[in-house]
Amino acid sequence: MNKKIRIDKIQSVIDRNKDNKDLLKQEIMWEDKLESMAVYKIPLEYLVYNKFNGRILSRTKSLEKQKHSIDVETDEGKAKIEQLLWESKEDRNKKTLSSISKFGQQRVGIITKDGIIIDGNRRAMLLNRIPEYDYFKAIILPVTLEENPIEIEKLETTYQMGEDEKLGYNPIEKYLKAKTILDKLKPTIGEDEAIKRISDWMGEKTSKVREYLGVIDTMDEYLQTLDYDGIYTQLDGREDQFITLTNWINNYYNSESKKAGWAYSNLDVDELKSIAFDYIRVKYEGKEFRLLAHGLKENHFFGDKNIWSSFSLEHFDSTNEIKEIEINYDSPNLKSHLDDRDTKYKEKVKDSFKENVRKHNQKLQYNRAADKPGKGVQNSIDSFDSINKGHKNFSNPEVQDLVEKLGNNVFDSLNRTSPNRVLSHIVGLLEKIDISKIPEDEIDDAKKKVKKIQNLGYYLFK
Amino acid sequence: MLKDLRKFDNLGTPNFFFELLTTLKDSEKQKWRIGDINQLFFNRVIDNHSVFEGCILLAFRINLIIEVNGNIELDQKFENYLNSKNQMNDKFVERLFLSLESVNEIYEIFSSENFSQDIVYQSLQLKSSAFGFKYSNLKQLLIDFNVLKVHPTNEINNLIINTRYKKIFDKVILPQIKKRKIGIEEFKKLMEQQQIYGEEAEKFVLKYEHNRLNGVKEIQWIAEYIVNAGYDIASFNTVQDEKPTRFIEVKSYEGESPYFFWSRNEMEVAKRKLTEYWLYLINRKKINQEDYEPLCIQNPSVEILKNAQWDKSIDKYKIMFNG
């Protein structure tokens, strides 16, 4: 059914009911006035889904990026949108389906005069699944989508971003919605005014809207970096990390923030962003993700020049040579194909990422402990004591070399601060030697060493 | 150029550009500023789009519009092409391709590997995946301008090149593809197979087939865009045949005894197509003789491989370390 026929058919529904006094009326905000509008029963066949519906915007855009624009007026396009709407929140859809089956459509929808569903796409999709329902209860706006898209966008956003509805959405949708509206308004009314309007329509503070816009910029850049341009489905489950990363970018770009106590440049921030993208891709989250750059400078890698240089060097060393499987742009199930690609990437990098984080986190801890020497030294003693020295691996030459290195470090430190303590320590050590434990074949060598100690003692005494 | 357009979902449709350009033309006395153009398209939906920033940038990039002292002016040459939407469509496509000619990224998309030929419908096709996700806006633009058509079979992820615009491909894209073919791997392959004269021989065979079939059949030059089909030309055994029945691999040689190098792919296609597969062996020295008849061998996988009159030797082995 083409647009013109739809307009005629919907008009005929209005005309048929012009003397009907029993029509339910509902108030909606239209062109800044509270209007009371009649609710009509519109045959489902007159309706067209809105593919830019905020509930499925990320899915529609991803699909159009992979294929080509969806024509919702064809059977194929309609089926595609129905599938996306169904999959958008399957559990919730099942519940609503059962409720509609029992009680019918409870919430009235909104359509344009040419049958495009502005509010109620999900309900209409569910009604289409129930054979006994062949109509949709809706208010009919006095315009087509083309006649006043901004007003319709406003209406849709107010309805769909309302508190109750928000819960039913994929978290990505709100960011995308904010960007979509900004793109429409900005060229004419400027960014600040556009943000004010978005904040009005979404019922959020302007600062929140700015945050949404910053986050979607970071998300877009992430997708471009992976050549996943516009495939918003690949952001699922990563929202929190993007919020965190966007905060870092805002903090660090073009300023010597106190959160990183060194003279970094914007190139270093770019490097941080690039590494964070890799960690987001393999789904690092929470405390471990925040180790990259979050909070006070002593709590993250980016806060210390040496730690950051070493961390980033090792990161790029481990990722530079990774060979990835090619993207199958035609994959019939793109999301699972790209998820699988990300998982394979994770398999290749997870051990090196884990080790890199562990190692540099330890350096961070050492740095923190450096301010509190007693605690630091005690930690080292505890750490050494906790090693099972009876284990066969402990006598490995490599391990023993490390033990020797540890001993030398302790000695060097004592020597620098108090040579007298070194002497006391040596006396203590000499007193503890159990001569009876020296094997027969090492006695001559031991005697030579004792002689050398005598000589050294003589010279020191002089 | 493609890189800075990458972030936009919408690069425009014929309706958008026709309105933009005719508005500028019809109101030439009025000074148009960028803000006026934004205002013109504010609160509008054109072909399902309501964000036009990318389209306006594209119009600048391909010099449909230019900025002079802050005023937006229509390219003077283009004024003559706005008599109808169809005329504008054709000229827009031409301008677009001429502007893209020197853009390297375009040959990642329009590379020989991404083309194929549907011999039944005689159409040159391009893999939809050639655009990846990053240039999907260009793909949509070309679909909207009817340069590419979505394949009617859902499972086939190819785009059909509209024959109306094939000439633009031949003129702008094809020479670059050839240059690149000879620039990189293909050059080595061609040299190894001593087919550097292949194109000349293929043109000879196209003419030869045209004459053999009395000039009434549409013979398809497959190798023009595609390197890995396994044959160069799709022709017909007789004028009565409705679809191609003769798939010709053209080989050229010099000297008295014909010889040729056969790739694994060509051999496999020959084995599959059997009697429909032909080898045409062309003596380069005789190609200009008026009555020259090439040596045409039908079903070479049987007639040559199993025929002792032809000496066969392996020119090289593929040796791979499997440790």
>> If a paramagnetic tag sat 7 Å from the Cα of B:Asn69 along the Cα-Cβ line, which residues of the stretch B:22-56 would have the backbone N under 13 Å from that point?
In response: B:31-32
>> Threshold 10 Å², probe 1.4 Å: give the residues of the stretch B:29-53, in number order, that are less accessible with all protein chains present than with their chain alone.
In response: B:Asn38, B:Gln39, B:Phe42, B:Asn43, B:Val45, B:Asn48, B:Ser50, B:Val51, B:Glu53
>> Need one value for B:138-145: mean number of C-beta atoms belonging to other chains within 10 Å of its residues' C-beta atoms.
In response: 2
> Quick one: which bits of the stretch A:206-255 get at least 10 Å² less accessible when the partner protein chains are in, versus the chain alone, with a 1.4 Å probe?
Replying inline: A:Gln224, A:Asp227, A:Asp229, A:Ile231
> Stokes-Einstein at 37 °C, 0.692 mPa s, Kirkwood radius from Cα pairs: D for the stretch A:3-168 in µm² s⁻¹?
Replying inline: 200
> Which value in nm describes the separation of the simple spin-label points at A:Lys287 and B:Lys318, placed 7 Å from the Cα toward the beta carbon?
Replying inline: 5.3
> For chain A, what is the relative contact order in percent, using Cα pairs closer than 8 Å and at least 6 residues apart in sequence?
Replying inline: 10
> In µm²/s, what is D for the protein assembly as shown at 20 °C and 1.002 mPa s, where D = kT/(6 pi eta Rh) by Stokes-Einstein and Rh is the Kirkwood radius from Cα pairs?
Replying inline: 65
>> I want to check the label-to-label distance for B:Glu290 and B:Lys7. Put each point 7 Å from Cα in the C-beta direction and report it in nm to one decimal.
In response: 6.7
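If R0 is 41 Å, what FRET efficiency do you get for A:Ser395 and A:Leu430 from their C-beta distance, rounded to 0.05?
0.95
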> What do you get for Rg/Rh of the stretch B:190-306 when both radii come from the Cα atoms and Rh is the Kirkwood radius?
Replying inline: 0.93
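Provide the FRET efficiency to the nearest 0.05 for the A:Ala369-A:Lys447 pair, computing r from the beta carbons and using R0 = 51 Å.
So, using R0 = 51 Å, E works out to roughly 0.75.
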> Of the accessible area of the protein assembly as shown, with the probe set at 1.4 angstrom, what percent is carbon plus sulfur?
Replying inline: 49
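On a full-extension model of 0.36 nm per residue, what is the gain between A:Lys405 and A:Val13, subtracting their alpha-carbon distance, rounded to one decimal in nm?
132.1 nm
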> Roughly what percent of Cα-Cα pairs across the stretch A:145-282 reach past 17 Å?
Replying inline: 64
> Any idea which of B:Val120, B:Asn89, B:Ser102 is furthest toward the positive side of the dipole for the stretch B:61-144, if Lys and Arg beta-carbons carry +1 and Asp and Glu beta-carbons -1?
Replying inline: B:Val120
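If one takes the accessible area of chain B alone plus chain A alone and subtracts that of the pair, with a 1.4 Å probe, what total in Å², rounded to the nearest 100, results?
Buried: approximately 2600 Å² between A and B.
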> What is the local net charge at A:Ile198, summed over the other residues whose Cβ is closer than 13 Å to its Cβ (Lys, Arg +1; Asp, Glu -1)?
Replying inline: +2
>> On a 25 Å Cα-Cα criterion, which of the cross-link pairs A:Lys67/B:Lys171; A:Lys102/A:Lys177; A:Lys61/A:Lys184; B:Lys167/B:Lys251; A:Lys186/A:Lys273; A:Lys273/A:Lys305 come out too long?
In response: A:Lys67/B:Lys171; A:Lys102/A:Lys177; B:Lys167/B:Lys251; A:Lys186/A:Lys273
> Excluding ligands and nucleic acids, what accessible area in Å² is computed for B:Asp291 using a 1.4 Å probe, to the nearest 10?
Replying inline: 120
> Given q = 0.09, 0.21 Å⁻¹, what are the Debye log10 I(q)/I(0) values for the stretch A:298-441, with equal point scatterers placed on the Cα positions and solvent ignored?
Replying inline: -0.54, -1.38
>> Using DSSP to call loops (not H, G, I, E or B), can you name the trypsin sites (Lys or Arg not before Pro) in the stretch A:160-245 whose Cβ has at most 16 other Cβ atoms within 10 angstrom?
In response: A:Lys205
>> I'd like the FRET efficiency for A:Glu193 and A:Leu24, computed as 1/(1 + (r/R0)^6) with the beta carbon distance as r and R0 of 22 Å, rounded to 0.05.
In response: 0.05
> Under Stokes-Einstein, with the Kirkwood radius over Cα pairs standing in for Rh, what whole-number D in µm²/s applies to chain B at 25 °C and 0.890 mPa s?
Replying inline: 108
> Which of the residues in the stretch A:314-332 lose at least 20 Å² of accessible area when you go from the chain alone to all protein chains together (probe 1.4 Å)?
Replying inline: A:Tyr329, A:Asp330
> Computed over the Cα atoms of chain A, what is the ratio Rg over Rh, Rh following Kirkwood?
Replying inline: 1.22
>> Of B:Gly12, B:Ile297, A:Leu291, which is farthest towards the positive pole of the protein assembly as shown's charge dipole, taken about the Cα centre with +1 and -1 on the beta-carbons of Lys, Arg and Asp, Glu respectively?
In response: A:Leu291
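Identify the GluC sites (Glu not before Pro) of the stretch B:260-303 meeting these criteria: DSSP loop state and at most 16 other C-beta atoms within 10 Å of the C-beta.
B:Glu290
Hey, what's the Cα Rg ratio for the stretch B:1-81 versus the globular rule of thumb, 2.2 N^0.38 Å?
1.04
The values are calculated or read from the model by the stated rules, or taken from the named source; none is laboratory data. No experiment lies behind these values; they were computed from the predicted model shown. Positions of Cβ are generated from backbone atoms using ideal geometry, with glycine treated the same way; all protein chains shown enter the neighbour counts. To get the accessible areas, we keep the full protein, side chains included, count just its heavy atoms, and leave off ligands, DNA and RNA. Shrake-Rupley method; radii C 1.70, N 1.55, O 1.52, S 1.80 Å.
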